[in-house]
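Here it is: the structure, laid out below.
The values are calculated or read from the model by the stated rules, or taken from the named source; none is laboratory data. Remember, predicted model here, so these are calculated numbers, not experimental data. Every residue, glycine as well, gets a Cβ built from its backbone with ideal geometry; the counts of neighbours run over all protein chains shown. Just the protein is used for accessible areas: all its heavy atoms, side chains included, with ligands, DNA and RNA removed. Shrake-Rupley method; radii C 1.70, N 1.55, O 1.52, S 1.80 Å.
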2 protein chains.
Amino acid sequence: MVQYNQTRFDASFAALSDATRRGVLVQLGLADASITDLAQKFHMTLTGMKKHVSVLEQAGLVTTEKVGRVRTCKLGQRRLEEEAAWIENYRQLWSARFDALDSVIEELTQKEKADGRRKRK
Amino acid sequence: MVQYNQTRFDASFAALSDATRRGVLVQLGLADASITDLAQKFHMTLTGMKKHVSVLEQAGLVTTEKVGRVRTCKLGQRRLEEEAAWIENYRQLWSARFDALDSVIEELTQKEKADGRRKRK
DNA sequence: TAAATACTGAACCATATGGTTCAGTATAAT
DNA sequence: ATTATACTGAACCATATGGTTCAGTATTTA
């Protein structure tokens, strides 16, 4: 198991598991914002918001730059491509299994039809 | 911190934030498995694996059924459609911002060209 | 009937998480 | 030169998480 990738996924899914952080991502999609802006918007202390931003930054989902007193936050380089791909892969596995079930049912149905025909003869 | 308002998203992204649980999902994509099967595969106690399965079940990603002594786990009904959609929406927001940046650059480029033409006159 | 198997729940442990307050530092505004 | 603003870091708190062991219960199997 490649630890690097594992921890990256861990970090990004963990970052997304909090409603406030998802909200921050959406917000930053609309406009860049300072820590103060975000803290006010989400009714939280500066320190609290700083922590959330750090988590998002750690996961590569947000980047920040401090100019003077103000730290401005914006959407980061990472666009969750790999996470989307993982989910897509999971959904394909699921579909594969579902299709397998379908074909079993199909088979049973065919068998029943055949039995029906045999009976009728 | 009582999490009385824990959303579906919180639960499913949190479920995905652990490498073992992602592994279990992949495994169950290949074949149904008992708690014992999974515990062995992931080198963990039965009790530990039971907890992971419970988390996945809580998030609707896995369903289980106990027949006799054996609890069989399989992929659940939920296929992370909404989670995939959320990520897709985030990526569109990101793209929108990126495109905005592009058009600023485009504008600057045009301006430079114009300046160039002016200079050359 | 006795022994092995498969799970389950309670209790415990260490660390992580999401929040706070408080006491700073650096920068901007007056 | 003061004062207000914006952030930062340390310390603290309550609960969550990821794991364990131990002591069961229920179900097969011999």
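Testing the spin-label approximation: label points 7 Å from Cα along Cα→Cβ at residue A:58 and residue A:43. State their distance in nm.
2.6
Step through the residues of the stretch A:54-60 one at a time and calculate ³J(HN,Hα) from phi using the Karplus curve (6.51 cos²θ - 1.76 cosθ + 1.60, θ = phi - 60°), rounding each to whole Hz and writing x for Gly and Pro.
4, 4, 5, 5, 4, 7, x
Follow-up. Leaving ligands, DNA and RNA out of it, rank B:53, B:70 by accessible area with a 1.4 Å probe, largest first.
The most accessible residue leads, giving B:70, B:53.
Compute the signed sum of charges (Lys and Arg +1, Asp and Glu -1) over the other residues within less than 11 Å, Cβ to Cβ, of residue A:52.
Net charge in that neighbourhood comes out at +2.
Then there is this: Amide H neighbours of residue B:33 under 5 Å, at least 5 residues apart or on other chains, H built in the peptide plane: list them.
Close amide H contacts, sequence-distant or interchain: B:73.
Rounded to the nearest 10 Å², what accessible area does residue B:32 show when all protein chains are kept and the probe is 1.4 Å?
Solvent-accessible area, nearest 10 Å²: 60 Å².
Starting from the Cα gyration tensor of the stretch A:3-75, take the square roots of the eigenvalues, sort them a ≥ b ≥ c, and report rounded, prolate or oblate (rounded when a/c is under 1.5, otherwise prolate if a/b is larger than b/c, else oblate).
prolate
Distances from residue B:72 to the same residue in each other copy, label points 7 Å out along Cα→Cβ, in nm, shortest first?
5.9
Ranked by accessible surface with a 1.4 Å probe, highest first, in what order do B:13, B:42 come?
The residues order as B:42, B:13, largest area first.
Something else now. Give the average, rounded to an integer, of partner chain Cβ atoms located within 10 angstrom of each Cβ in B:69-75.
1
In nm, one decimal, shortest first: how far is the label point of residue B:88 (7 Å from Cα along Cα to beta carbon) from the matching points in the other copies?
Reported distances to equivalent positions: 1.1 nm.
In square angstrom and rounded to 100, what buried accessible area do you get between chains B and A, total over both, with the probe at 1.4 Å?
3200
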